[in-house]
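We did not get these values from a lab; they are worked out from the coordinates using the rules stated. Remember, predicted model here, so these are calculated numbers, not experimental data. Ideal geometry is used to build each Cβ from the backbone, glycine not excepted, and the neighbour counts take in all protein chains shown.
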There are 2 protein chains.
Amino acid sequence: MNPPANPRGLEQVFPILRWAKHYSRDDLGSDVFAGIITAILLIPQGIAYAMLAGLPPQAGLYASILPPMFYAFMGTSRTLSVGPVSVAAIMIASALSAPEIRSFQDPAGSALVLAAETGLILALMSWLRMGLLVNFISHPVLRGFTSGAALLIIFSQSNHILKAGDWNECTLDFHCLPALLQAYQPVTLLIGLLSIAGLLLFAGPLPKLLAHCNLDNSLATAIGRSGALIVVLFGALAVETLDLDQNAAVAIVGAVPSGLPGLGFPLLEPERWRLLLAPAVVIALIAYVESVAIAKVTANLRRQRIDPNQELLALGAANMIASVSGGMPVAGGFSRTMVNFSAGAVTQAASIIAASLLALSVFFFADLLTTIPKASLAAVILVAIIPLIKVRGIAATFRFDRNDGIAELSTFLGVIIFGIEEGLMLGISLTLMSYLWRSSRPHIAVVGQIPGTEHFRNVQRHSVTTWAELLMIRIDENLTFANTSKVEDFIYGKIAKQPRIQHVALVFSSVSHVDATGLESLVQIMESLRINQITLHLTEVKGPVMDKLKQSELVAGLAPGKIYFRNQDAVSDLVSPGPPLG
Amino acid sequence: MNPPANPRGLEQVFPILRWAKHYSRDDLGSDVFAGIITAILLIPQGIAYAMLAGLPPQAGLYASILPPMFYAFMGTSRTLSVGPVSVAAIMIASALSAPEIRSFQDPAGSALVLAAETGLILALMSWLRMGLLVNFISHPVLRGFTSGAALLIIFSQSNHILKAGDWNECTLDFHCLPALLQAYQPVTLLIGLLSIAGLLLFAGPLPKLLAHCNLDNSLATAIGRSGALIVVLFGALAVETLDLDQNAAVAIVGAVPSGLPGLGFPLLEPERWRLLLAPAVVIALIAYVESVAIAKVTANLRRQRIDPNQELLALGAANMIASVSGGMPVAGGFSRTMVNFSAGAVTQAASIIAASLLALSVFFFADLLTTIPKASLAAVILVAIIPLIKVRGIAATFRFDRNDGIAELSTFLGVIIFGIEEGLMLGISLTLMSYLWRSSRPHIAVVGQIPGTEHFRNVQRHSVTTWAELLMIRIDENLTFANTSKVEDFIYGKIAKQPRIQHVALVFSSVSHVDATGLESLVQIMESLRINQITLHLTEVKGPVMDKLKQSELVAGLAPGKIYFRNQDAVSDLVSPGPPLG
């Protein structure tokens, strides 16, 4: 919709070409540093979000290699970090936990189908140029959704910290909470709590301490960002040396196949594709909305532009490549992107470097990852996810706009009570209904003239001159099927109270669209007024509206009514000289 | 939403009290005459629309007695004629033809359930004050729907003119057309064609002839309106005297139980109620939308007011009484209301008189109705329905608004191809989608000052003064979740092209609502601009918007940005003196 000035051909499809030709040595320096920092975060996050989705660790790692590289070529954001993200991961977990999908006994294969469908849906939306239409997810709904999903994530991960043993059936179900709490396993709990303490240390006190020591700035940043990697590797070392997986039944990640992903197409099973289509639509929507929101935040800070339809295409390509390279659905991650941006990433070269480093570590150090305790990964997720819960904001939203507040609260509760997709759909439906409801009750005002000026204002808010023979009515919204009824009621109601009236002038300064229903309503108002010996006029009609009305029967039938350029012209022409009414 | 001035208690629920106390002898004279004319039309229409719905004749007659009387007490229209209507009748036929409903082998009982559900839904909508929300049916969709339904009616009735025998299975199915055409029955066809000719004679040439003969005006009106009754009675007489039902297998109405309807509650069968709920919702919507549209047309001609929510209640009551008095779903009929109005009806007393006359004739002359040929009734329906087909209007709608034209054509074709309800739903969905789509692409313009005036206009349409350090952007729509993305893109796009810019002033003259997403977007724009050393200002903020923004973080954080009352103030304050840019 808003591509940067004159992109053509290849540059349109591969925005990387826009910056690659001006790429400098300075840029490379910045990007290499940011890439290292991002890779340090990407490795534990990749494994952790795979676990959150109910998938083997390599699904998250593989999704962190080729997808960000494809995005780097096709995305319009210079700093978005694409890969596994927490909210998409919990949505994948929810989709995979449906009984019909479990019956395939192949969660990794189902994740590939999900990624393929997510990619195809995103590409289709790009082709249909739906980049703007998907905005029907309002901020409050998105916030309520994210808070609800984060709460579900916390619950689903808390069992990794409390309980030993392998994956259990308790994900996304609050009823097994008591059983969980009774079966807690002391060593696992200790690992989990120590991991959380370590992460909090790296997040707050440590960077402050380093700042005191006059440490080199880049090094301080690198140390500050490496908390997750250090905690996870420390956990792996502890399990390894004390044989905790054997001696204390601590759950670990297990064997990660060393080497790189092979390319292969996910199984062609129509039934599985059909069953996963609905969750894929929701994952695609959320992946897109979250990614573009994050991309815009960083782009605005550097006066860069994001093209919504190209983003749809780039994210679609990233998900399709995720599906053929053994990964899981991907999106732009908020925390990773902010880390990448603040570490100084200038272009997507940083993402390519991060992905390459991750690929190297999977290739050479896969063994190191085997004994990572799941409790440490759960701690990484918990610490990352808690800031996403913004329940207090609901009250502020409610104060500003009651309907938005209701939508935010309903989405939050809907996600927790009815499920991830159901909650989101509830929020979207409520927003659309309240939008239509509001549109059907437009703001309409009788206006008068501020004495001595050419300004016209609402008679109820300003002390203005009005006239017995002329009624000026300003319609503060586009005239469409949604509100013509209300407009008609308002006009007829005002006329009934003003017996000496001869002219009605509709002020169109706020009307920038009139649909067929609006036009017919205007014609009917004109005719009803005429029967009552009142003439209809229009003033301050905007260019595009005037162009449309000129083709219609309204303008032809308006005489003796006129269309005035300015309100002042209407008053001069229609009001007989004499003392004003008040 | 817009009740007349200070209605209280009983007057609110029974608007009849508003006119009954001022009722004069003159009013009575007018209403008696209009009542007689309307009754003459009501008798054949009642029987014909029952036949169209696939119901025995008394269903239509009974629906013409108590429902209009109840409406007379509760409705806010003084001239609306409530009873069986053609479009509702074809919808009833469609609902009753579903295999699950046919299996009950009791169409009359199902019609009572439909009427009960329609009444309850209307009352519920009134209670929820949805009088304005139901406007999501746009005029083009309503017109496409009516044209499509009229075409289905013509087809369903043509078999009564062509073929002898009883009800057949061919209603609403074009595939049996060839079979129908081959099996035509000459005497029935002759009766049908003669009936059509008679009706056309009464509709056009006869009133003109009578006008020539200087006949008393009231008598001329009465004769002109009695075409349907005379044609139908003439047909009955022909069948009676020539025994055509025996000798030529001409289908006749059959025995109409003499006497008045008993009051009784329709059968309590949960399954039947469940199956008929969806069609009842659609009938309720259409009954309401059509009735209010007609009521408004006549009310506007006499400066009277219609209260949408009270109409919902009155129509709901009329349908509920229809269901307990042996009738069928009712609504306000277009042709009958116009006849009633132009015959001089002053109040709903005319409807009460018409209903009483109909009740008397059912009580005393039921035998006369027995031998009415169905072909004559079909002719009455055909002549009434043909003017409702307005296919040529689709091209005009398309020219004025492409999306509205597509919606009208899709609804029309949808009704014919997929069915009545499906077509309507298709049209509504298309309208809502195009509404959201349009809302997401608001009109935004850079404005400048018309030299020597205080007027500000779009730089692309007028020759205006602009400034290097100040960018004035007018947002021509409410700022909501649907369009913030586009607004942000527009602003950042313009800034990128104007390097010396220091101030951005958003002109809010057309903004009458800002939702939570819009507010957050404004805050984000403000902060992004600040990082780029640009200050955000607002001008011409409307009262209600200002009230809301004052509570928000936006106004608190705006400084050094300001909120100006007029555009002129912003220019005086922000533009340094010197030669303007051009």
In whole angstrom, how far apart do the alpha carbon centroids of segment A:300-323 and segment A:473-497 sit? 43
Enter the angle in degrees (range 0 to 90, nearest 10) between the Cα long axis of helix B:107-127 and the first principal axis of the Cα atoms of chain B, meaning the one along which they spread out most. 30
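For chain A, take N as its residue count and report Rg(C-alpha) divided by 2.2 N^0.38 Å. Could you put the intermediate results ahead of the total?
On the way: Rg = 30.3 Å, N = 582, 2.2 N^0.38 = 24.7 Å.
Rounded to two decimals, the normalised Rg is 1.22.
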May I ask for the angle, rounded to the nearest 10°, between helix B:374-385 and the longest principal axis of chain B, with both axes built from Cα atoms and the value confined to 0 to 90°? 20
For segment B:27-85, alpha-carbon Rg over 2.2 N^0.38 Å: 1.17
Enumerate by residue number the GluC sites (Glu not before Pro) in segment A:240-349 meeting two conditions: DSSP loop (anything except H, G, I, E, B), and at most 11 other Cβ atoms within 10 Å of the site's Cβ. none
Which trypsin sites (Lys or Arg not before Pro) in segment B:425-471 sit in a loop by DSSP (not H, G, I, E or B) and have at most 15 other Cβ atoms within 10 Å of their own Cβ? B:Arg461
In degrees, nearest 10, range 0 to 90: what is the angle between the Cα axis of helix B:402-417 and the longest Cα principal axis of chain B? 30
Can you give the relative contact order of chain A as a percent, counting alpha carbon pairs under 8 Å and 6+ residues apart? 22
Working only with C-alpha atoms, what are the Rg and Dmax values of the protein assembly as shown, expressed in angstrom? 35.7, 118
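From largest to smallest, what semi-axes in whole angstrom does segment B:276-378 give when each is the square root of 5 times an eigenvalue of its alpha carbon gyration tensor? Let's see the in-between values first.
Working: eigenvalues 131, 81, 38 Å².
Result for segment B:276-378: semi-axes of 26, 20, 14 Å.
Within 11 Å, Cβ to Cβ, of B:Glu100, how many net charges do the neighbouring residues add up to if Lys/Arg are +1 and Asp/Glu are -1?
Working: positive: B:Arg102, B:Arg272, B:Arg274; negative: B:Glu271.
My count for the surroundings of B:Glu100 gives +2.
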Could you quickly flag the chain B residue whose beta carbon comes closest to the rotation axis taking B to A, and that distance in whole angstrom? B:Ser510, 2
Along the charge dipole of segment A:444-574, pointing to its positive end and built from +1/-1 on Cβ of Lys, Arg, Asp and Glu, which listed residue (A:Gln551, A:Ile525, A:Pro499) has its Cα farthest out? A:Pro499
Any lysines with Cα under 27 Å of the A:Lys497 Cα? List them, leaving off those in the same chain fewer than 8 positions away. A:Lys486, A:Lys562, B:Lys21, B:Lys296, B:Lys542
Given the C-alpha centroids of segment A:342-356 and segment B:69-122, what is the distance between them in whole angstrom? 67
Exposure proxy check: B:Lys390, A:Lys497 ranked by fewest other beta carbons within 10 Å? A:Lys497, B:Lys390
Mean projected area (nm²) from the convex hull of Cα positions in segment A:82-153 is 5.9
Taking the alpha-carbon set of segment A:444-574, what are its Rg and Dmax in Å? 13.6, 39
Less than 14 Å Cβ to Cβ from A:Ala123, Lys/Arg counted +1 and Asp/Glu -1: what total charge do the surrounding residues give? -1
